[in-house]
Structure formats: structure tokens, C-alpha cells
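> Here you go, one structure.
The values are calculated or read from the model by the stated rules, or taken from the named source; none is laboratory data. Predicted model only: the values in this text are computed from it and were never measured. Every residue, glycine as well, gets a Cβ built from its backbone with ideal geometry; the counts of neighbours run over all protein chains shown. To get the accessible areas, we keep the full protein, side chains included, count just its heavy atoms, and leave off ligands, DNA and RNA. Shrake-Rupley method; radii C 1.70, N 1.55, O 1.52, S 1.80 Å.
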Amino acid sequence: MSDFEPFYDVNRTYEDNYAQGPFGAFAEALKSDIAGEGEPGKTGESFLGQPVRLAFGIPAGPLLNSRYTTAAFRMGFDLATYKTVRSRAWGCNPFPNVLAVHPASADGSLTPGSAELDEGVLADTNYEQPISISNSFGVPSKEPDVWQPDMRAAIAAAGPGQVLVPSFQGSRVDGMSEEDYIADHATTARLVKETGAKLMVMNTSCPNEGHNRLLCHNPLLVGRITEAVKNEIGDTPLMIKLAFIPSDDDLELMVRSTVRRGTVQGFSTINTISARLVDKDGNQALPGAGRDRSGVCGSAIRGAGLEMVRRLAALRDRLGLDFAINGVGGVVSAADYAAYKAAGADSVMSATGAMWDAELAHKIKASL
């Protein structure tokens, strides 16, 4: 795959990608004035109440700023998620952040809770299809004075039937009380709303509770946070991003603590599966303290993502609740998109698959 150039260059630092990207076909798309594909104004679906041509796009992660989101729109991705922002500047983990990941299973999949995740999964620079990669960034963010005007530009660049989806999260810092942590989420949501955002996604699925601890594994705290956020953003639709939640009881508690209380209008799931990554000699693959584990995304997590969507859809039916489900994880083909729709997803997104196939949105639309 040496002749292919992903729109996020894994061989460059995050800072270089932010300043110089996107690359490949996305860079070419920015040279055009075309705002996307399809007939002007023609829409067929919706996303959290907003009309879109096709409820397919790119989730939080690889679209670092308005240049990336604008390029995504022009490549036919009708949902473009602006990379997760914070209430303060936040640094990126050391380079490298992305490695190719090679699970031992015959189909290249990872199973939540399996021994392999702790024993070690091979990671190197041999990028090959079906693509799976590490996601070891630490959710970096520019300060609001930088990302707010850029997010406004990103919103304005959406073509007919396209929607910019801002992603945000709270930031836990030393000495911060739980109430301060909750308030930081609300503050960040308000900063997002000030950009003119029509909807937003709150990230609860990265280690924002400490090393390898996920906010979404504490449904009651998520319930308190979303109540505070909703008090700031009013009627603006709110979706929350979930990691894989093994317990059916915990997943139901998440739904009851948020949707049942009217604070959340949808769930996006999943982002990654955490695994210990090792090189060919069994040593830690990503350099630096605290980086023995990384989130893995791409083809390896498709099965887990589909399972989460099915379980959420079953809960929606059983509890008689109305909420949207955004299916994410391992979407690298039109068949994967169809599988998520069949599992109960109202919308579908692809990060790793889109990075390695800039034509993915075109291919999915052609298949319908």
C-alpha cells in the first residue's frame, strides 16, 4: 500500500497533519469549488433532525480542522465530524500515534474481553487491507480562541444536504472536583453552541477519567453530565459517543440515565477496543510511559460495533424509547455500511476505512 496516501498522513506528527493536511485525494478536493456530490438541495435522510443526502460520514478523529471537514464534504461524506474539542488547549501523545495492527484471528477481528487484548497484539508499519490501526492521540485540542472560529468556517462549508457534527468532551485535570469536571463539560458544550452548531456529540469513550478509564463506564455520572450540558444547550440535539459496554445492565442504565431523562437524543458507537500492542519481539510497540495499551480501530472492531448497535436497537424497542443510533467501527466497504443499517443503525460513519479509501462515500452511494 506504499503508493496510497491516506488523507491523514500516519508518517507525520499530529501537529504537521494539523498545519499541512489533508493529503491525497482530500487535498485535491480542496482545490475544487465543488461542495459535494448530488443534486443541489436534494436530501433523502436525516441526522438528529437535520436533512442530509445520505446519513453516512466520518466520526470524530481524523478530521482535524475545517480544511479536513470541507474536503470530506467535497468527497461526498455528508456527515463530517469535527475532531473532539476541549475548553482548553490539550497536547497530543508523542509520535507515532498510528501503527498497523494485526490481530491473530483468521478474520483479523478483536473480541472484547479476550485474552489476546492483554497478552499482546502485533503492531508495526505494515499497513495492509483489511486495515486496522492504533489510535493513540490522547484527544488533543487547540484552545477555544482557535477552534471556535475554525468550527464556524467548517459549519459554513457544508453543502446542501450536509451537516457539520461538532464533537466535544470535558477535561479532567489534577485537583479538579467532580462538580468542576461536570461543569467543564457544560462550558465546552456552550462554547460549541456559540459557533452556530445545529447538533453536537459528546465523547465519553476515550480515557478522560484517567489512564484507560472511560467515562461511559460510569452511566450515572454520564447522566449527571448530560443534564448539565442540556441546561446549557437547550433544544440543540445531543448524541453521546460510547465505547464497547460489556454489561447489558450497564448499557440499559446508560439509556435510562440519559434518553429516559430527556438529555440525550442518540448514541454513537463504537470508537475503539483497548489492547496491549507489541512489536514482533513482544516489546511495547508505542514508545513512552503509559502507552503499553492503545485503542484499536478499523476492520478489527467491526463485529463489536455491530453487536453494540444490535443491543442498543433491542433496548430501544423493548423500552419504547425514541433515540438515534450512529453505527461506527470497521466500516471499510459498502457491505459494511449495509450490515450496520440492517443491525438497526439510523446513520453510519467510517474513520479508518475513509482514511484509506477517500472514495468510500461514493462507493456506498453507488451501491444503493
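> Pull up segment 154-179, narrow it to residues that are part of a loop (DSSP other than H, G, I, E, B) and of a type in the set (Ser, Thr, Tyr), then point me to the one that is nearest to GLY44 (Cα to Cα). Before the answer, list the steps.
Start the filter on segment 154-179 by keeping residues that are part of a loop (DSSP other than H, G, I, E, B), which leaves 157-162, 169-177.
Retained after the next criterion (residues that are of a type in the set (Ser, Thr, Tyr)): 171, 177.
Numbers: SER171: 37, SER177: 45 Å.
Applying the filter and picking the extreme gives SER171.
> Return the residue satisfying two criteria in turn: it lies in segment 282-303 and is at pLDDT below 95 and of a type outside the set (A, V, I, L, M), and of such residues it is nearest to the chain's Cα centre (by Cα). Steps first, answer last, please.
Filtering segment 282-303 down to residues at pLDDT below 95 leaves 287-295.
This time we only want the ones that are of a type outside the set (A, V, I, L, M), so: 287-288, 290-295.
On the way: PRO287: 24, GLY288: 24, GLY290: 22, ARG291: 20, ASP292: 22, ARG293: 19, SER294: 15, GLY295: 12 Å.
Out of the qualifying residues, it is GLY295.
> Please count how many residues of segment 242-295 are part of a loop (DSSP other than H, G, I, E, B), within 27 Å of VAL121 (Cα to Cα), in contact with a Gly (Cβ under 8 Å, 6 or more places away or on another chain) and open to solvent by 40 Å² or more (accessible area, probe 1.4 Å).
Adding up the residues that qualify gives 1.
Residue-wise test of (1) open to solvent by less than 10 Å² (accessible area, probe 1.4 Å); (2) aliphatic (A, V, I, L, M); (3) at pLDDT 95 or above.
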site: GLN162; (1), (2), (3): no, no, yes
site: VAL201; (1), (2), (3): no, yes, yes
site: CYS206; (1), (2), (3): no, no, no
site: ILE225; (1), (2), (3): yes, yes, yes
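> Can you name every residue in segment 307-328 that is of a type in the set (A, V, I, L, M), in contact with a Leu (Cβ under 9 Å, 6 or more places away or on another chain) and open to solvent by 20 Å² or more (accessible area, probe 1.4 Å)?
Our first condition is that a residue be of a type in the set (A, V, I, L, M); within segment 307-328, this holds for 308-309, 312-315, 319, 321, 324-325, 328.
In the following step, the residues that additionally are in contact with a Leu (Cβ under 9 Å, 6 or more places away or on another chain) were identified as 308, 312, 315, 321, 324-325.
Passing the criteria: LEU321, ALA324.
> Also, quick follow-up: Applying the selection to segment 48-97, what residues are farther than 20 Å from GLY21 by Cβ, in contact with a Gly (Cβ under 8 Å, 6 or more places away or on another chain) and polar (S, T, N, Q)?
As a first pass, look at segment 48-97 and keep what is farther than 20 Å from GLY21 by Cβ: 48-56, 78, 86-88.
Adding the requirement that they be in contact with a Gly (Cβ under 8 Å, 6 or more places away or on another chain) leaves 48, 51-54, 78, 86-87.
Within segment 48-97, just SER87 meets the criteria.
> Here's something else I'd like to know. Being modelled with pLDDT of 95 or more, surrounded by fewer than 18 Cβ atoms within 10 Å (Cβ to Cβ) and farther than 21 Å from ALA71 by Cα is true for just one of ASP184, ASP174, ASP124. Which residue is that?
ASP124
> Could I ask something else about it? Residues of segment 223-232 being β-branched (Val, Ile, Thr) and either at positive phi or in contact with a strand residue (DSSP E or B) (Cβ under 7 Å, 6 or more places away or on another chain) (or both), which ones? If you could, list the steps in order and put the result at the bottom.
So in segment 223-232, the residues β-branched (Val, Ile, Thr) come out as 225-226, 229.
If the condition is that a residue be β-branched (Val, Ile, Thr) and either at positive phi or in contact with a strand residue (DSSP E or B) (Cβ under 7 Å, 6 or more places away or on another chain) (or both), then THR226, VAL229 are the ones that fit.
> For the condition open to solvent by 10 Å² or more (accessible area, probe 1.4 Å), part of a loop (DSSP other than H, G, I, E, B) and on the phi > 0 side of the Ramachandran plot, what is the one hit in GLY76, GLY113?
On the way: GLY76 fails: open to solvent by 10 Å² or more (accessible area, probe 1.4 Å).
That would be GLY113, the only listed residue that is open to solvent by 10 Å² or more (accessible area, probe 1.4 Å), part of a loop (DSSP other than H, G, I, E, B) and on the phi > 0 side of the Ramachandran plot.
> Only residues that are in contact (Cβ under 8 Å) with a residue 24 or more places away in the chain and open to solvent by 30 Å² or more (accessible area, probe 1.4 Å): list them for segment 133-145, please. Even if it seems obvious, please write down each step before you answer.
The initial filter retains those residues of segment 133-145 that are in contact (Cβ under 8 Å) with a residue 24 or more places away in the chain, namely 133-144.
The answer is ASN135, GLY138, LYS142, GLU143.
> Would you pick out the residues in segment 122-153 that are out of contact with any Lys or Arg (no Cβ under 9 Å at 6 or more places or on another chain) and either under 18 Å from THR236 (Cα atoms) or in a strand (DSSP E or B) (or both)?
ALA123, SER132, ILE133, SER134, ASN135, GLN148, MET151, ARG152
> Among the residues of segment 334-368 satisfying the criterion of being acidic (Asp, Glu) and part of a loop (DSSP other than H, G, I, E, B), which is nearest to PHE267 (Cα to Cα)? Step through it out loud before you land on a result.
As a first pass, look at segment 334-368 and keep what is acidic (Asp, Glu): 336, 346, 357, 359.
Still in the running and part of a loop (DSSP other than H, G, I, E, B): 346, 357, 359.
Working: ASP346: 10, ASP357: 25, GLU359: 26 Å.
By that ranking, first place goes to ASP346.
> Going by the conditions given, is VAL331 assigned to a loop (DSSP other than H, G, I, E, B), under 23 Å from VAL98 (Cβ atoms), open to solvent by less than 10 Å² (accessible area, probe 1.4 Å) and of a type outside the set (Gly, Ala, Ser)?
Details: assigned to a loop (DSSP other than H, G, I, E, B): yes; under 23 Å from VAL98 (Cβ atoms): yes; open to solvent by less than 10 Å² (accessible area, probe 1.4 Å): yes; of a type outside the set (Gly, Ala, Ser): yes.
So VAL331 passes the test.
> Which of the residues that make up segment 79-101 are open to solvent by 40 Å² or more (accessible area, probe 1.4 Å) and either in a strand (DSSP E or B) or at positive phi (or both)?
At the first step, the residues of segment 79-101 found to be open to solvent by 40 Å² or more (accessible area, probe 1.4 Å) are 88-91, 93-95.
If the condition is that a residue be open to solvent by 40 Å² or more (accessible area, probe 1.4 Å) and either in a strand (DSSP E or B) or at positive phi (or both), then TRP90 is the only one that fits.
> Please go through segment 329-350 and pick out each residue that is among the polar types (S, T, N, Q) and over 23 Å from SER274 (Cα atoms). If you could, list the steps in order and put the result at the bottom.
At the first step, the residues of segment 329-350 found to be among the polar types (S, T, N, Q) are 333, 347, 350.
Within segment 329-350, SER333, SER347 meet the criteria.
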